[in-house]
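K.L.:
This structure is in structure tokens; I'll ask about it shortly.
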């Protein structure tokens, strides 16, 4: 037995508190839940079957009207579709049951909407769910069950002191929410890491007063605990409205992955988000591959655009709706699209000879 194995064995026998030792299998994320957008899944996880990682914390932030709640509902819908349990914490009282039903989400045994009244209540609820899941692991049907816990939102959830106090002075509880989150999230990290639980925290963007030139002018409420603890941080922005004749039917969402430990960070993607049915994944894939030159797009004037694969003759061009239909109905075409998209989006970070490296000198970061 090596020195390290002997030391670990001795620690396991004599430690006064529970110590978890790391093995090869413990380092791997084995399950992901799609966000509804394949492009966003790729820039988050850098893999073909990726998305939100189970067992980790994900933060989704953005200004108002950028699709945070709708993306969260898509994540919940995909969780239930894949046999998981989704819990939606609606502290904003803004959950749309009508939109959820369009995505196939109805409150039942695998999906619940709950409304805790405080930050402390949110963490207490989450920890109770995790402990209950641990108790039920002995059941065969619950052994491989995973849970996605969505908190909508961090910014709009008050602390108990804000609710109970009669003091109207807003400065009396300054910094209280960050301290509560920081204290609870340390416990949450270990619990979610050992269980099949993914925490998705929705947050708003506020103006960073005092930001100097070159610094980020936006900041997320709730302190630094969530940005530090999160494995993935996605920032959403409104990239333009989608109009259908006389009314606005959706928006184009620009998503930037400002932090990820699963692939290269700071990648961006754009996808359409419709108010009627959520993300149109196939449309965003076709437009993206057309821009990348992997799909040929021909403008036919009043007849509209025509699309075909690069290796196919010009006679095979189809209008966009028919091209989308062929992908949906033909598994070979679908596989071809997936292979092309994977070749473009998956980045090999482990072969420096393949990387085209450019050093960008931004200067030192000043910490005040």
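Since every read-out is calculated from the coordinates, none of them should be taken as a lab result. Just so it is clear, the model here is predicted, and its values are computed rather than measured. Because the Cβ atoms are built from the backbone with ideal geometry, glycine has one as well, and the counts that use them run over all protein chains shown.
K.L.:
Restricting to DSSP H runs of at least four residues, report the calculated mean residue ellipticity at 222 nm for the chain, -39500 (n - 2.57) per run over all residues, nearest 500 deg cm²/dmol.
P.N.:
About -10000 deg cm²/dmol.
K.L.:
When only alpha-carbon atoms count, how far does the range 77-176 stretch along each of its three principal axes, as whole angstroms with the largest first?
P.N.:
Its Cα atoms span 52, 34, 17 Å along the three principal axes.
K.L.:
Same structure, new question: Report for the chain the percent antiparallel among DSSP-assigned beta bridges with both residues inside it, nearest 5.
P.N.:
55 percent
K.L.:
Over the alpha-carbon set of the chain, divide Rg by the Kirkwood Rh and report the Rg/Rh ratio to two decimals. Walk me through the numbers on the way to the answer.
P.N.:
Values: Rg = 23.1 Å, Rh = 23.1 Å.
Over the Cα atoms of the chain, Rg/Rh equals 1.00.
K.L.:
Over all alpha-carbon pairs in the range 281-350, figure out the percentage whose distance exceeds 17 Å.
P.N.:
Numbers: 976 of 2415 pairs.
Of the Cα pairs, 40 percent sit more than 17 Å apart.
K.L.:
Any chance you could run the full-extension gain for residue 326 through residue 344? It's 0.36 nm times the residue separation minus the Cα-Cα distance, nm to one decimal.
P.N.:
Details: separation 18, 0.36 × 18 = 6.48 nm, distance 2.14 nm.
Taking 0.36 nm per residue and subtracting the Cα distance, the gain is 4.3 nm.
K.L.:
Compare 173, 66, 192 in a GNM of the chain, Cα atoms joined below 10 Å, and give the one with the largest fluctuation.
P.N.:
Sorting by GNM fluctuation, first place goes to 173.
K.L.:
Continuing with this model, one more query. Remind me, relative contact order of the chain in percent, using alpha carbon pairs under 8 angstrom and six or more residues apart?
P.N.:
Result for the chain is 18 percent.
K.L.:
What fraction of the DSSP beta bridges in the range 44-165 is antiparallel, stated in percent and rounded to the nearest 5?
P.N.:
10 percent
K.L.:
Rounded to the nearest 0.05, what FRET efficiency is calculated for residue 176 and residue 303 with R0 set to 56 Å and r the Cβ-Cβ distance?
P.N.:
With R0 = 56 Å, the Cβ-Cβ based efficiency is 0.35.
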